[in-house]
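The values are calculated or read from the model by the stated rules, or taken from the named source; none is laboratory data. Because the structure is a prediction, the values reported are computed rather than measured. Cβ atoms come from the backbone with ideal geometry, glycine included; neighbour counts cover every protein chain shown. The area values use the complete protein model at the heavy-atom level, side chains included, leaving out ligands, DNA and RNA. Shrake-Rupley method; radii C 1.70, N 1.55, O 1.52, S 1.80 Å.
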Amino acid sequence: MAESLPLEMLTYILSFLPLSDQKEASLVSWAWYRAAQNALRETDVRYNIPVSSASLSAIKSLGLRGICCISLTNVDGSPASYQVLQSVAYHLGPHLQSLSLGGGSPTEASFVALILGCPALCVLDLSGCNSLFTSGTLLAQPEMAQSVRQALSGLRELNLAGLRDLADLSFNRLSSCAPSLERLSLAYCHLTFELGPVRGSISPQDSSPSQFSFRNLLRFVQERAGRLRALDLSGTGLPPEALQALGQVAGLQLQELSLHSCRDLSTEAVATLCFQQPGLTSLDLSGCSELTDGALLAVSRGLRHLRRLSLGKLQRLTDAGCTALGGLRELQSLNMAECCLVRGRELAQALGSVHGAPSQLACLSLAHCSSLKDASVLSMIPALGLSLRVLDLSSCVALTNRTLQAICTYLTHLSVLRLAWCRELCDWGLLGLEEPLQGTQPRPELEHQASGTKDPCPEPQGPSLLMLRALQELDLTACSKLTDASLAKVLQFPQLRQLSLSLLPELTDKGLLAVAGGCPSLEHLALSHCTRVSDKGWAQAASSWPRLQHLNLSSCSQLTEQTLDAIGQACRQLRVLDVAMCPGINMAAIRRFQAQLPQVSCVQSRFVGGADLTLTL
């Protein structure tokens, strides 16, 4: 019956499926294939293409399908790379909108030839492509620069992160070829700053051929102030006076600003920025270690329309500063990871203080907030509302099963839950059972019995993990008190894509088989240091995971090449396999496995002369 549906309707239906399921659906028939390709185009899927002669036929095929977003890996100065770039320009170039060469080493000639074949580019990623800027001659010829300018006339976003050889002249030549630029990343580029404030007009003739100066960047911002909307200066060492000069540029109305790891910034500088740029909707101040509670107060007062705020690793931020968050009524994403002084009480009050209006927060990270306690989290969770989709409480080591059960009661729409290293979580918490009284014997239904036919695992009761039916990612790494008794009962999530059960010493083959039956859609699975999982378990479990792409089995000491055989036969979509420190798996077994699945990158460690050597094949 599906065959008789119009192509547009099939495309609409398949657009609801995850990427891996769309790929599987495309194998059903030609009609489903065409519908799946349409659905993939509509979701702006990025295709990663390794640069090799084997990719040429795939590039031609992608060109026939009108693919508009690609990332080229392993680009270098070889003739093979030049041939691939030519093929991309010919087959994909006319309709290519997003191109990434991140981390590659293309020659200037091959880069220019590629760009000239891509007149519709809107996004260009050259992060880490130092080979283009080492000589300082990129686009030095006016005729070539004019041709590139015509090709990049519609470019909206440019990523130049991590370029150690970027200088004023090369930046000016490239940026002048992108007159419509709205988003620019210079993260972790080496910027030089003058002592004292910048005054007077800045001429392009002052540009340096050997260094990238803040004066030159400021001139660029002044020229593009009316169009520039997003700027990433993370890791550039931006001092307070430079941030002030940037914020006060006439006509500049930034919407997104990232200052991650700009450790010299002061609270006063951030307060001035909030006054100068009140239209910011996204601000990243993570790792700006000098900031205090006053910075958060200034953000709350000055940036009323802020939607995304990142405050990770602010070691001087306290509960007093968290009270200001109540003023950010449009906040959708909040990252306070590694704010070790935050206990959560004031944060809970702030998140619930929007005059009864439902919270719009969709993503909250409090990972590594070691001072966080159950009491504050329990008061916070009901205030978060049904909009929350991502919650990260990793390494909040004081949290217990009470927090987990509150999550299962109030946050039933979660798609991502990270509880790694929350070592106080127990089986009864995952199962929704009442906490046993202190000093009493453990629940008999949770005791492992060596004999008898009765199932020792109780059925979930109350607010168990099973309440979170929409979960797509779950991280229980190092929750070392968990055993098969709970995992076998609650890990039943048909939509789950990513799961980590690493460092669970009590996980056995029984738990592995239960997870295989309950979570058949897994694409990423981590089971490192699960020393009780054996070949026997994998012989039965592997067939349940045909979609598995990333698998970590490092330090699983019982596994041998028999597990590799089972995985090789069942997990045909596998891309990455980590078997480091698995003493039963040798190099010969790895090579046989890769002969069977050549697309897989395997990681294996072995001891050489007393040292640990890690090999990626």
Q | Residues of the range 87-146 classified as within 16 Å of Leu72 (Cα to Cα), part of a loop (DSSP other than H, G, I, E, B) and of a type in the set (Val, Ile, Thr), total | A | 1
Q.
I'd like to verify a number: residues in the range 428-483 that are at pLDDT 90 or above, open to solvent by less than 30 Å² (accessible area, probe 1.4 Å), out of contact with any Gly (no Cβ under 6 Å at 6 or more places or on another chain) and in a loop (DSSP other than H, G, I, E, B), how many?
A. 8
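Find the residue count for the range 508-541, including only residues that are of a type in the set (A, V, I, L, M, F, W, C), within 18 Å of Val579 (Cα to Cα) and either out of contact with any Gly (no Cβ under 9 Å at 6 or more places or on another chain) or outside any helix (DSSP H, G or I) (or both).
7
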Q: Within the range 543-580, track down each residue that is open to solvent by 10 Å² or more (accessible area, probe 1.4 Å) and within 21 Å of Asp475 (Cβ to Cβ).
A: Ser544, Arg547, Gln549, His550, Asn552, Ser554, Ser555, Arg575, Val576, Asp578, Ala580
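Among the candidates Gln594, Gln599, which residue alone is over 27 Å from Cys422 (Cα atoms), outside any helix (DSSP H, G or I) and open to solvent by 20 Å² or more (accessible area, probe 1.4 Å)?
On the way: Gln594 fails: outside any helix (DSSP H, G or I).
Matching residue, one of Gln594, Gln599: Gln599.
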(Q) I'm trying to understand the selection: among the residues of the range 409-427, which are surrounded by 24 or more Cβ atoms within 10 Å (Cβ to Cβ) and part of a helix (DSSP H, G or I)? (A) Asp427
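Quick check on this structure: which one of Leu169, Leu121 is buried (at least 18 other Cβ atoms within 10 Å of the Cβ) and either under 31 Å from the mean Cα position of the chain (by Cα) or under 21 Å from Leu96 (Cβ atoms) (or both)?
On the way: Leu169 fails: either under 31 Å from the mean Cα position of the chain (by Cα) or under 21 Å from Leu96 (Cβ atoms) (or both).
Within the list Leu169, Leu121, the selection yields Leu121.
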Q: Tell me, yes or no, whether the range 133-141 has at least one residue that is modelled with pLDDT of 95 or more, out of contact with any helix residue (DSSP H, G or I) (no Cβ under 6 Å at 6 or more places or on another chain), farther than 14 Å from Phe212 by Cβ and β-branched (Val, Ile, Thr).
A: no
Q | Criterion (assigned to a loop (DSSP other than H, G, I, E, B), under 22 Å from Arg308 (Cβ atoms), in contact with a strand residue (DSSP E or B) (Cβ under 9 Å, 6 or more places away or on another chain) and not hydroxyl-bearing (Ser, Thr, Tyr)) met by exactly one of Leu388, Leu372 | A | Leu388
Q: Scan the range 22-41 and give yes if some residue there is open to solvent by less than 40 Å² (accessible area, probe 1.4 Å), modelled with pLDDT of 75 or more and within 19 Å of Arg497 (Cβ to Cβ), otherwise no.
A: no
Q. For Leu297, which of the numbered conditions (1) open to solvent by 50 Å² or more (accessible area, probe 1.4 Å); (2) in a loop (DSSP other than H, G, I, E, B) fails to hold?
A. (2)
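Can we say Pro505 is of a type outside the set (Lys, Arg) and modelled with pLDDT under 95?
Working: of a type outside the set (Lys, Arg): yes; modelled with pLDDT under 95: no.
No.
Answer yes or no as to whether Val249 is touching a helix residue (DSSP H, G or I) at 6+ places or on another chain (Cβ under 9 Å) and assigned to a loop (DSSP other than H, G, I, E, B).
Working: touching a helix residue (DSSP H, G or I) at 6+ places or on another chain (Cβ under 9 Å): yes; assigned to a loop (DSSP other than H, G, I, E, B): yes.
Yes; evaluated as a whole, the condition is true for this residue.
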Q) Between a first residue in the range 272-287 that is farther than 16 Å from Pro240 by Cα and aliphatic (A, V, I, L, M) and a second residue that is part of a loop (DSSP other than H, G, I, E, B) and open to solvent by 30 Å² or more (accessible area, probe 1.4 Å), which pairs have beta carbons less than 7 Å apart while being 6 or more apart in sequence or on different chains? A) Leu280/Gln255
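Restricting the search to the range 45-67, which residues are outside any loop (DSSP other than H, G, I, E, B), open to solvent by less than 30 Å² (accessible area, probe 1.4 Å) and of a type outside the set (Ser, Thr, Tyr)? Quick ask: steps written out before the conclusion?
Step one: list which residues in the range 45-67 are outside any loop (DSSP other than H, G, I, E, B), which gives 47-50, 53-64.
Within this subset, residues satisfying the condition of being open to solvent by less than 30 Å² (accessible area, probe 1.4 Å) are 49, 55, 59, 62-63.
Of everything in the range 45-67, those that are outside any loop (DSSP other than H, G, I, E, B), open to solvent by less than 30 Å² (accessible area, probe 1.4 Å) and of a type outside the set (Ser, Thr, Tyr) turn out to be Ile49, Ile59, Leu62, Gly63.
Return the only residue of Ser180, Ser201 being at pLDDT 90 or above, part of a loop (DSSP other than H, G, I, E, B) and surrounded by fewer than 16 Cβ atoms within 10 Å (Cβ to Cβ). Before the answer, list the steps.
Details: Ser201 fails: at pLDDT 90 or above.
Exactly one residue qualifies, and that residue is Ser180.
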Q) Within the range 324-362, which residues are at pLDDT below 90, among the polar types (S, T, N, Q) and under 20 Å from Ser282 (Cα atoms)? A) Ser359, Gln360
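In the range 325-348, is there at least one residue being closer than 17 Å to Glu268 by Cβ, surrounded by fewer than 21 Cβ atoms within 10 Å (Cβ to Cβ) and not acidic (Asp, Glu)?
Taking the range 325-348 first, the residues closer than 17 Å to Glu268 by Cβ are none.
The answer is no; no qualifying residue exists.
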Q) Across the range 360-373, what is the number of residues that are more than 14 Å from Leu414 (Cα to Cα) and surrounded by fewer than 18 Cβ atoms within 10 Å (Cβ to Cβ)? A) 3
Q: Spot the failing condition for Gln405; the list is (1) open to solvent by less than 10 Å² (accessible area, probe 1.4 Å); (2) closer than 20 Å to Gly462 by Cβ; (3) out of contact with any strand residue (DSSP E or B) (no Cβ under 8 Å at 6 or more places or on another chain), and only one is missed.
A: (1)
Q: Could you grab the pairs with beta carbons closer than 7 Å, sequence gap of 6+ or different chains, first residue in the range 155-175 and touching a residue at least 24 places away in the same chain (Cβ under 8 Å), second one open to solvent by 10 Å² or more (accessible area, probe 1.4 Å) and part of a helix (DSSP H, G or I)?
A: Leu163/Asn130; Arg164/Asn130; Asp165/Asn130; Asn172/Pro204; Arg173/Ala145
Q.
I'm told Ile70 meets every condition in (1) open to solvent by less than 20 Å² (accessible area, probe 1.4 Å); (2) of a type outside the set (D, E, K, R); (3) touching a Ser or Thr at 6+ places or on another chain (Cβ under 8 Å); (4) more than 27 Å from Asp21 (Cβ to Cβ) except one. Can you identify the failing condition by its number?
A. (4)
Q: Enumerate the pairs (first residue in the range 498-514 and under 23 Å from Val390 (Cβ atoms); second residue anywhere and surrounded by 22 or more Cβ atoms within 10 Å (Cβ to Cβ) and among the charged types (D, E, K, R)) with beta-carbon separation below 6 Å, excluding pairs fewer than 6 apart on the same chain, so at least 6 apart or on different chains.
A: Ser500/Asp475
